[in-house]
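Throughout, read-outs are computed from the coordinates displayed, never taken from laboratory work. Everything numeric in this text was worked out from a predicted model, so none of it was measured. Ideal geometry is used to build each Cβ from the backbone, glycine not excepted, and the neighbour counts take in all protein chains shown.
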Amino acid sequence: MRSRAAEGARRSASGAGSGREEEEEEEEAVMAAGHGPRICEGECAVLKRGDVFKAVAVLRRRKIIFEKQWFYLDNAIGHVYGTTFEVTSGGNLQPRREVEETTTETKEAGTDNRNIVDDGKSQKLTHDDIKALKDKGIKGQEIVQQLIKNSTTFRDKTEFAQDKYIKKKKKKYDAVITIVKPSTRILSTMYYAREPGKINHLRYDTLAQMLTLGNIRAGNKMIVMETCAGLVVGAVMERMGGYGSIIQMYPGGGPVRAATSCFGFPKHFFSNLHEFPLSKVDSLLSGMFSTEMLPSEFEDNALVEEESNGLADEKQTSVQETEEESITATAMEVNQTEEQEKMDINAEDIEFKDNKEKDNKENVREKQRKQWERRKKLIEAAALLTEKNADGLIVASKFHPTPLLLSLLEFVAPSRPFVVYCQYKEPLLECYTKLRERGGVINLKLSETWLRNYQVLPDRSHPKLTMSGGGGYLLSGITVVLDKGKSDSSNLEALKMEEPSSKRCKCMCSAGLAQLWLLSA
Amino acid sequence: MSFIEYGDTIKDGDTAIVFLGHESMFPVKVQHGTVTQTKYGVIRHSMDLIGKKYGSKVTCSKGGWVFILHPTPELWTMNLPHRTQILYSTDISIITMMLELKPGSIVCESGTGSGSLSHALIRTVAPTGHLYTVEFHQQRAEKAREEFREHGVEHLVTVTNQDVCKNGFGVSNIADAVFLDIPSPWEAIGHAKAALKAEGGRICSFSPCIEQVQRTCLAMEEYGFTEINTLEILLRVYNECESAYLLRFRYESCKVMRLPAWLITESVFPWSRVQLHRGLLAALGSTASYSVLASANHFGYTEVK
């Protein structure tokens, strides 16, 4: 790895363009079968520093702000994912060499902190001194060494405290960035840390449970209803590997897939990704579905709805376009998805104006063609749904799950798992009751997972952080053949009695989507 | 039927799951002419099972009924015959996500044990991936091979009967991920590294004891793994739902029978049932007022750099 990093440093100095081919040849010679994927322009990559992640589009001459540092990604293009870089003074990235840990000859250390007084004066270097060092271009490693030298209390600290001090200073001054390939693990961790509101506080371990409980695998026909910026759809797509099909149900004018584009799936994955509006589900179930209502009404609604974020077929190109119109340099780090959504709405506004201005026949024909495409896709999705043989259902949205489940379960074949996520427990309790009344489901389970990570160091192992309650709840179950007669729950006494017939009617009607209640403000 | 693909109707030779009620189910091998005894009566395979749709209700001879379900790795985990302590779906989920497994992945696993995790891994890497699993106990290895064959997944898995700490996984430089669930994982880290692909492979080791975790983390560092993380995941199941549902029916029944509502004496609090499994969290004793299925599992996952 060291030799490759050195190579990389030399190559990048001579320019990323020509260096790439030579580098690749060498890489191929050196590495065994299955060399790692490379950072390509136009893809989405994730920057990582310690535990902080940020997804960015890899574009040349685009300034990136990440962890209080500004740089360009140009030199990173062509390197293998997982390479660690450091930011040079010019704002360029350079692959980092592996440096030997400088071991001090005699590790002078104290035994405890009884005599260490925290008066804030133990560091002799001032803020200006450190700034001067940084401006001189001195590497982070060196700065840390200087800080240690100029600390009066360093040698009185215990060995563990010294380690902790060095780690802390390194974290601050030794700025290294790793570029990693996006995956469910990375994107779900990133979203939970940066934008939990966008994903309804779905913690990554809860997402992991959903994928397994739902038996998500290649070849399934999944129905997914989510308002998690497309993260859940992306995770399902990753686990299906392009095989099978997914029908995403969406509220409003169009599905939001900001996160899905971050995964970097190949194009053919999207040919099996369908979408269907929730507003049409009732008509589909009652058999009165038609595409008559679609035309301009649908398109206009799509521009106005704050939820819609571009349509499926324009998704890929719109991501590229919107990245071009970057936001001005603000001090705060702006999340890439926020940018995308803001930009998409702007792009749509521009599109709208353009359509008005260039009102000639070409455009009208184009519009009609697109509408026809959309209608065709809608009919396809409707056909897939009406077969009523979906292999599973995943729901993860901000809406109350009960009406969603009661209607969407109709499309699922018997003996298939379904999983519902909700940020809160109470709606799921209600859902449970309604499902039992409906029948046709067994093995209902309401669960929550707690996550705890540990620091494991010799003589210093202890738990770090316990995450509980904030990761959401899951209701899972298995469908069975729906018995239109009596309730098909367990053979308990209490449940053998007949329910009053009026209640049963009310139950069926409540499956209407008129009762979509928004939970979060 | 197969564990990697759904089928619609029950066929001769299938493995199906018989569901009797809340947390009561068992697997059954469907065969012409055989019968299965349940507490609700007899199920005759030829008449009641073969040709029926999965998810159907089957009435048994005594009048009660059961549901016949299509097998999935999760149902299998809850119902398989234990030959060793197994991994449950909670841990399996987080392992699958942290190792970034998906169709096409190559995974190495040791020890196979009762095949709980193996079935889940095969399901995830199908149809283009492969699982290389190593088990040092000869009978268990043989039983695992037999089960994979019965479940229609033998083309996706290779069971090797050897000691992973001495002889490794039998493959080199191809695995995307390695999983270890053995008494001394630090002895197998070197072999794991050899099996993993040159760059970007991930490893996970699962141990109940913190001392094992410590030694394994040290070994991982020595062999050049980076980003070593140790996680523990616990599942908490809420049983209040059941009580809430029953309570509502009792209330409704009181209304119908015109009895005063104060006759409902059952209060809505869940059963206290604590299952300590892989028991590190002995402190979470039976004083808990909620059901806790404590899956106390430490595992470090790392990347090869």
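Data table
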| read-out | value |
| --- | --- |
| Residue-wise HN-Hα coupling along region A:145-151, computed from phi with Karplus coefficients 6.51, -1.76, 1.60 (Hz; x: Gly, Pro) | 4, 4, 4, 5, 4, 9, 9 |
| Ordering of B:13-26, A:365-378 by burial proxy (mean other Cβ atoms within 10 Å per residue, highest first) | B:13-26, A:365-378 |
| A:T88 versus A:E362: modelled label distance in nm, points set 7 Å from Cα along the beta carbon direction | 4.5 nm |
| Label point distance in nm, A:V176-A:D112, each placed 7 Å from Cα along Cα→Cβ | 3.6 nm |
| Cross-link table A:K377/B:K102; A:K136/A:K170; A:K131/A:K157; A:K139/B:K197; A:K107/A:K134; A:K280/A:K377, entries beyond 24 Å C-alpha to C-alpha | A:K377/B:K102; A:K131/A:K157; A:K139/B:K197; A:K107/A:K134 |
| Amide N proximity, region A:222-260 versus A:S279 label position 7 Å along Cα-to-Cβ, cut-off under 17 Å | A:249-256 |
| 3J(HN,Hα) from dihedral phi, region A:401-410, Karplus parametrisation 6.51/-1.76/1.60, rounded to Hz, x for glycine, proline | x, 4, x, 4, 5, 4, 8, 6, 5, 4 |
| Residues whose placed amide H lies under 5 Å from that of B:V178, excluding near-sequence neighbours | B:C108, B:R202, B:I203, B:C204 |
| Rounded FRET efficiency, nearest 0.05, which uses the C-beta distance separating B:F26 from B:M47 and R0 of 25 Å | 0.80 |
| Amide H contacts of B:G13 (H built 1.01 Å from N, under 5 Å, at least 5 apart or other chain) | B:V30, B:Q31, B:H32 |
| HN-Hα J in Hz across region B:88-103 - Karplus 6.51, -1.76, 1.60, θ = phi - 60°, x for Gly and Pro | 9, 4, 4, 5, 4, 4, 6, 4, 4, 6, 5, 8, 6, 7, 7, x |
| Shape of region B:89-181, Cα gyration tensor, a/c cut at 1.5 | rounded |
| Extension gain, B:V35 back to B:H155 (0.36 nm per residue minus Cα-Cα distance, nm) | 40.2 nm |
| Amide H within-cut-off set for B:T160, under 5 Å, with H built and near neighbours excluded | B:T133, B:V134, B:E135 |
| Number of partner chain Cβ atoms within 10 Å, mean per residue of B:124-132 | 3 |
| Label-point gap, in nm, between A:T152 and A:E426 - each point 7 angstrom along Cα→Cβ | 5.8 nm |
| FRET efficiency estimate (nearest 0.05) - Cβ-Cβ, A:W70 to A:F160, R0 41 angstrom | 0.70 |
| Average partner coverage of A:450-462, which counts Cβ from other chains inside 10 Å | 5 |
| Anisotropy class of region A:127-173 from Cα gyration tensor, a/c 1.5 cut | prolate |
| Sites B:E211 and A:E373 - FRET efficiency at Förster radius 60 Å, r taken between beta-carbons, to 0.05 | 0.45 |
